[in-house]
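Written out below as structure tokens is the structure these notes cover.
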């Protein structure tokens, strides 16, 4: 089994559900996830861990409308350690576009 680290660094979270990571031809485990609010007001974020072929909804919500204060960095502990099967993906949505900065690290496992 081969291991390959992958990261998303500095992505701005959109205000519509957007995919930020897909487990392509591998299984993947989330090792770290930090979201930073770079604005002067609170912004909420919702995070989904979705199986292949699925869509964002209540059944795959990892974090729901969590408010991140102005200037705060939040470690998303609910996402750390979560596994994605092949073609599973992570989507996020913010209450205000380009207000939250994402840093996501995963470890990909291939055979």
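The table that follows gives values for the structure above.
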read-out: Single match in 74, 48, 66 (criterion: touching a helix residue (DSSP H, G or I) at 6+ places or on another chain (Cβ under 9 Å), at negative phi and modelled with pLDDT of 95 or more); value: 48
read-out: Qualifying residue in region 4-11 (condition: touching a strand residue (DSSP E or B) at 6+ places or on another chain (Cβ under 7 Å), loosely packed, with under 12 Cβ neighbours inside 10 Å and free of Cβ contacts under 8 Å to residues at least 60 places away in the same chain); value: no
read-out: Test: residue in region 29-37 that is surrounded by 13 or more Cβ atoms within 10 Å (Cβ to Cβ), in a strand (DSSP E or B), touching a helix residue (DSSP H, G or I) at 6+ places or on another chain (Cβ under 8 Å) and modelled with pLDDT of 95 or more; value: no
read-out: Residues (in a strand (DSSP E or B) and over 11 Å from residue 90 (Cβ atoms)) located in region 38-62; value: 43, 44, 45, 46, 61
read-out: Verdict on residue 20 being closer than 17 Å to residue 10 by Cβ and not in a loop (DSSP other than H, G, I, E, B); value: yes
read-out: Residues located in region 19-28, provided they are at negative phi and surrounded by fewer than 16 Cβ atoms within 10 Å (Cβ to Cβ); value: 19, 24
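The values are calculated or read from the model by the stated rules, or taken from the named source; none is laboratory data. As the structure is a prediction and not an experimental result, all values here were calculated from the model. Please note: Cβ atoms are built from the backbone with ideal geometry, for glycine as well, and neighbour counts cover all protein chains shown.
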